[in-house]
Structure formats: structure tokens, C-alpha cells
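Take a look at the structure below.
The values are calculated or read from the model by the stated rules, or taken from the named source; none is laboratory data. Bear in mind the structure is a predicted one, so any value in this text is a computation, not a measurement. Positions of Cβ are generated from backbone atoms using ideal geometry, with glycine treated the same way; all protein chains shown enter the neighbour counts. Quick note on the areas: whole protein, heavy atoms, side chains included, nothing else; ligands and nucleic acids left out. Shrake-Rupley method; radii C 1.70, N 1.55, O 1.52, S 1.80 Å.
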2 protein chains.
Amino acid sequence: MNHIDKLVEHLRRKIKLTDRDIGLISDSFKLKELKKKEILLFAGDRSTHMRFITKGCLRSYYIGEDAKEHIQQFGIEDWWINDLYSYITDTVAKQFIQAVEDSYILQIHKKRLNELYVEIPLFEHFFRIKFERAYVSLQERTINSMSKSAEERYLEFRSKHRSIEQRVPQYMVASYLGVTPEFLSKLRRKMGS
Amino acid sequence: MNHIDKLVEHLRRKIKLTDRDIGLISDSFKLKELKKKEILLFAGDRSTHMRFITKGCLRSYYIGEDAKEHIQQFGIEDWWINDLYSYITDTVAKQFIQAVEDSYILQIHKKRLNELYVEIPLFEHFFRIKFERAYVSLQERTINSMSKSAEERYLEFRSKHRSIEQRVPQYMVASYLGVTPEFLSKLRRKMGS
DNA sequence: TCAAAAACTTATCCTAGGTTAATATAGATA
DNA sequence: TATCTATATTAACCTAGGATAAGTTTTTGA
């Protein structure tokens, strides 16, 4: 299955698309190949595209005032990844987006996406729902990070995202959970595995 | 200025509305009065309405596994307040919404709002942007809570939301910041005020 | 106007998680 | 195959913030 087909199948799980719609979509999204460690978006630049992963694994992270990396999100096949903050508000990104493995993404420019909202009204509907879901999962993450212990967060991450845990180095999981790699290591020993 | 006028003015800052639109809106939103401490939404119920504050001050909070209240959001005049998670996903709310002062809100049922999206297309546009902003401010909050100290978060809260700080008890600010009232008290003394 | 309740402070002791630094192990690449 | 570089672990010690338990002050409402 080619890259555009993956995107179309993803969209079709939520909205109906005509052949005309698919033509518009094919012409609007551009494929980009990324080598492991390649950076797709730099903090300081503006995020002008919406991005859909068709293959591989990426992460978004920001550099805190402590000069350390904090991972905000992982993304694998069939996920969208972005610095939504920058994209939405047209401000410079605070986050980097980097390929953790060799990857492929399909991206569409914001300007073109806004046109598509008009050309395909269900597309705006799709993205309203997408932003709602993004909000929901961010809220879960916020609540978790504020009211659960690192051990609880780790257990939850393992059960929800086992496939990601197996693809990224452990220090990135630690960063995602908001603890040091040393502490995660300590936890793992304590938990017996 | 009456309650509906406040809502209309709020909407007009973002989208154009015809007289017909305003008629539809007036008929769709219902006014609700709340006495101080009255609970608008109970955890365990479903949040079936979108809610706009025309007067007063409310808070949303959940009871953590530690059996303590964690405030997620404050809202004052001209803000929307909700358990968006419950509203969006049609699941039972994890949060309570309670009046901190005597308040008035305008609320619209989700079913009716979805109809309005069709009757007034700009309304869906308005709410897409609203969800985007909700996402953005939640992301700021998450990043803050994970990478800043309680003291930094308190200073930021004070400068961004002085008007709220003056209207709610200090233990609620502590809860919003994710610290105990005792610790906030300690901080305030250390900071000299 | 005066109890009772709500909010705030202080002090002591305690713990989750951080820091630093040294060592171990595993991939990669020449 | 040997060597670099990226990960992961361990251990000793440190700190931000929590728990508990008294107080004190402020607000409320009969």
C-alpha cells in the first residue's frame, strides 16, 4: 500500500470521501522521507504543516529551562504529529520533531489545508474532531502527570503503548514520563523487570 | 447588558453573526443561576452542555486517587467552562464544576449545538478554534507543570491571572498549582508576601 | 454581635525523585 | 575484530514538596 492510500484509509475511518476528494487530497499532501535522527521541525521555526506518519517513529520534544529534553509525544504509523501550538497560533515552535527511526510522513501546508476545509467541508469536521481528541489525550496526560506517581505512569505507559516502548530507547521513555533515566532504571529494578 | 448580549458580543469578536443567527442562538442557550458552592456538574454524570459564564466565578476539579481535590480550571465572566473530556467523548465526567461565587451561566445542549453547527456554519468554525485554543492553553499548563518548580508556577499564575487570584481562596490556588496549601503558604513566606 | 466554620500559617519530620559520578553493556562502524 | 559511541545500571548523597498536627486569623450567618 502506498503512502497516500494509508492516509486515505485513515480518513475513511471517520469521514466519507468521494473520488474527487481523494484527488484533491493526493495533490495537496507531499511525501517526505526522514533518516533516523533527522529533524523535521526545529524549535524557533514556525510549524506550517500538518503531518501524518505513514511509516516509522518520531518524537516531539522541547528543551526546558533546565537545558534538558522533555518529550511531549511519540508518533508511529497512522498518527499525526506536530507542534500544534505553533501551527495553531502561527508562533515560533517551542518543540523539535525528530525521527527516531527512518520514517515517511505526508504533510500539507496550513494554507492549503484551510482551502481544503472549504473544498471538502467534512475535512473541517474531521479536524475539529481531531483537535478534540488531541485535547482529550493531553488532558489525560496532564492529570496523570499531576496526580500519579512515576511508577503508576510507567505502568500505564507500558500497558497502553507497549509497541512504542519496544521501539524507543529507555531514556526517551523516562523523558516522556518526566523522570530521569536513572530514576526509571531504579524503578524498573524495584518492580522486578 | 443582559446575559445573551454578553454571549453575542463574545462570539462577535471572532465571527460575523446575522440577526437570524442571533435569534437561533438566543433560543438555544438557557440561562442558569448558581449560588456560591452550588455544583453545576457532578463527576459520574455526563456533561451534555457547553457552558458560558456571564457572571461570577467557577472552578472545575476532579477527586484524585488520593481522595483530594485537584483544580483543573477556573472560569470567570466571558469564559467557557466544561469537562470537555466528558462532553467530547460522551463518557461520564471525572470532574465536578462548582460555583466559587454566585454566578450565571448560559448553556446549550450538545444535541442542539450540533444542529447549530449546520444551521450556522461559522459556529462550527468558532468551536474548532475554541478547541484549538483549549488545546494550546492545556499544553502550556502541562509543560509548566512538568518542567517548572512550584514557585515559578505560582509567580506565573499571579502575573497571568491576578484577577482570579484575588477572587478565590488561597487553598484553591494551591490545588490549581498542584501543591498543598501548607507548601504554598511556606512559599509565600519565603518570597516575602 | 458573636460563635462556628472556613481559611491560613507554622513547625517537625518524612519520602519521591534528582544529582553526580562511576561503571557496565550493547550496538554500530571502521 | 576492535574500538567508539549510545544506552543502561548502581550507589551515595541531596532537595523540593508532602503529611501531620497544632495553632491563628478571617469570614459567615443566625
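Go through B:Ile97, B:Ile129 for me and flag whichever is buried (at least 18 other Cβ atoms within 10 Å of the Cβ), in contact (Cβ under 8 Å) with a residue 12 or more places away in the chain and among the hydrophobic types (A, V, I, L, M, F, W, C). Lay out the reasoning, then the answer.
Working: B:Ile129 fails: buried (at least 18 other Cβ atoms within 10 Å of the Cβ).
Going through B:Ile97, B:Ile129 in turn, the sole match is B:Ile97.
Output yes when any residue across region A:53-61 is in contact with a His (Cβ under 9 Å, 6 or more places away or on another chain), open to solvent by 60 Å² or more (accessible area, probe 1.4 Å) and either in a helix (DSSP H, G or I) or away from chain B (no Cβ under 14 Å) (or both), and no when none is. Break it down stepwise before answering.
Going through region A:53-61, the residues in contact with a His (Cβ under 9 Å, 6 or more places away or on another chain) turn out to be A:54-55, A:61.
Narrowing further to those that are open to solvent by 60 Å² or more (accessible area, probe 1.4 Å): A:55.
Still in the list and also either in a helix (DSSP H, G or I) or away from chain B (no Cβ under 14 Å) (or both): A:55.
Yes - at least one qualifying residue is present in region A:53-61.
Here B:Thr91 clears all of (1) within 14 Å of another protein chain (Cβ to nearest Cβ); (2) open to solvent by 60 Å² or more (accessible area, probe 1.4 Å); (3) touching a residue at least 24 places away in the same chain (Cβ under 8 Å) except the condition numbered (2).
The rows are residues; the columns are (1) open to solvent by less than 60 Å² (accessible area, probe 1.4 Å); (2) within 9 Å of chain B (Cβ to nearest Cβ); (3) at negative phi.
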position	(1), (2), (3)
A:Tyr117	yes, yes, yes
A:Ile120	yes, no, yes
A:Ser137	no, no, yes
A:Ser147	yes, yes, yes
A:Ala150	yes, no, yes
A:Arg158	yes, no, yes
A:Ser175	yes, no, yes
A:Phe183	no, no, yes
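Filtered by the rule that a residue be modelled with pLDDT of 95 or more, closer than 12 Å to A:Ile97 by Cβ and of a type outside the set (A, V, I, L, M), region A:18-41 gives a lone residue, A:Lys32.
Right, A:Tyr154: closer than 28 Å to B:Gly64 by Cα, more than 14 Å from chain B (Cβ to nearest Cβ) and within 16 Å of DNA strand C (Cβ to nearest atom) or not? Break it down stepwise before answering.
Numbers: closer than 28 Å to B:Gly64 by Cα: yes; more than 14 Å from chain B (Cβ to nearest Cβ): yes; within 16 Å of DNA strand C (Cβ to nearest atom): yes.
Yes, satisfied.
Screening region B:160-173 for residues that are within 13 Å of DNA strand C (Cβ to nearest atom) and open to solvent by 60 Å² or more (accessible area, probe 1.4 Å) and picking the one that is nearest to the chain's Cα centre (by Cα) gives B:Arg167. Taking region B:63-87 as the range and being among the acidic types (Asp, Glu) and more than 11 Å from chain A (Cβ to nearest Cβ) as the test, the residues that pass are B:Glu77, B:Asp78. If the condition is being of a type in the set (Asp, Glu) and open to solvent by less than 90 Å² (accessible area, probe 1.4 Å), then region A:10-52 contributes A:Asp21, A:Glu38, A:Asp45. Only a single criterion out of (1) hydrophobic (A, V, I, L, M, F, W, C); (2) within 13 Å of another protein chain (Cβ to nearest Cβ); (3) within 15 Å of DNA strand C (Cβ to nearest atom) is not satisfied by B:Leu113, namely (3).
Residues in region B:100-115 that are open to solvent by 10 Å² or more (accessible area, probe 1.4 Å) and out of contact with any His (no Cβ under 7 Å at 6 or more places or on another chain): B:Val100, B:Glu101, B:Asp102, B:Lys111, B:Arg112, B:Asn114, B:Glu115. Of all the listed residues (B:Gly75, B:Gly64), the sole one being without any contact (Cβ under 8 Å) to a residue 24 or more places away in the chain and surrounded by 21 or more Cβ atoms within 10 Å (Cβ to Cβ) is B:Gly75.
Considering only region A:174-193, state which residues are within 12 Å of DNA strand C (Cβ to nearest atom) and more than 20 Å from A:Tyr61 (Cα to Cα). Listed by number, the residues that qualify are A:Ser185, A:Lys186, A:Leu187, A:Lys190, A:Met191.
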